[in-house]
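In what follows, a structure is listed as structure tokens, so that the remarks can point back to it.
The values are calculated or read from the model by the stated rules, or taken from the named source; none is laboratory data. Please read all numbers here as calculations on a predicted model, not as lab measurements. All Cβ positions, even for glycine, are placed from backbone atoms using ideal geometry, and neighbour counts span all protein chains on display. With ligands, DNA and RNA removed, areas are computed over all heavy atoms of the protein, side chains included. Shrake-Rupley method; radii C 1.70, N 1.55, O 1.52, S 1.80 Å.
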Amino acid sequence: MSDPTEANGTAGAGGAARPAQPAVDGAGERRVRVVLVDDHRMFRTGVQAEIGQTAETGVEVVGEAADVDQAVTVITATRPEVVLLDVHLPGGGGVEVLRRCAPLMSDTERPVRFLALSVSDAAEDVIGVIRGGARGYVTKTITGTDLVNSVFRVQEGDAVFSPRLAGFVLDAFASTDAPPVDEDLDRLTQREREVLRLIARGYAYKEIAKQLYISVKTVESHVSAVLRKLQLSNRHELTRWATARRLV
């Protein structure tokens, strides 16, 4: 398998875009070219190891990126069939990547399709990227085999969701009413919301750190910030607060 494009936005030694390859090779086996967009290098490495063994999976990872600008550069240069896109990225998040890549998604001959792959299963995150043009949304608890299958389904034009997330999308698009604004929740950053949900679900700090690829000390800092912004005293009050807003 060729070396994937690094997160510096280059595409091969000369910087030229690699031509798109057919989805099926001469032997009739499926092939799909994929770009990984996630701000955690360890997570990208893990996904690459899990699904990027092209001879076995049919998935060729042709590029990686860690923020919005890198993502747009690499996707434009490599023109993959599918982009695995994290929702929360430096520079504006996954929605901003989708906005800037809209012309590539609408290309009728070689469309670039997006599959969100995120630790978040919050309704607002799911709905946001689907409205932005992503073809599906799966959480990072997905198995390697299921992720490979999801990538191929998205390549073929299907919509793919982790089971409990499909309801968010159906409910959102069945209603013309805008969701109410929660001023308390809006005070929190995206990362603080992720930590809040995991705390409310009973995760220990060490488990949250592993799930989000951050240090335990960083988790503690986020929890302190959440408690301060919401004027709560401890994780038990925080859990009740999140449960009352159906964030768990």
>> Taking loop as defined by DSSP and a crowding limit of 10 other beta carbons within 10 Å, which GluC sites (Glu not before Pro) in the range 85-130 fit?
In response: GLU109
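Relative to the present Cα-Cα distance, how much length would full extension add between THR45 and ALA166 at 0.36 nm per residue of separation?
40.8 nm
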> If the cut-off is 19 Å between C-alpha atoms, which lysines fall inside it for LYS217, apart from same-chain ones fewer than 8 positions away?
Replying inline: LYS206, LYS229
> Leaving out ligands, DNA and RNA but keeping every protein chain, what accessible area does MET105 have, in Å² rounded to the nearest 10, with a 1.4 Å probe?
Replying inline: 40 Å²
> Roughly how many Å is it from the Cα centre of the range 225-247 to that of the range 79-100, as a whole number?
Replying inline: 30 Å
>> Show me the ranking of peptides 231-237, 53-59, 135-141 by mean Cβ neighbours inside 10 Å, starting with the highest.
In response: 135-141, 53-59, 231-237
> Once both labels are modelled 7 Å past Cα along the beta-carbon direction, what's the LYS217-ASP158 spacing in nm?
Replying inline: 4.5 nm
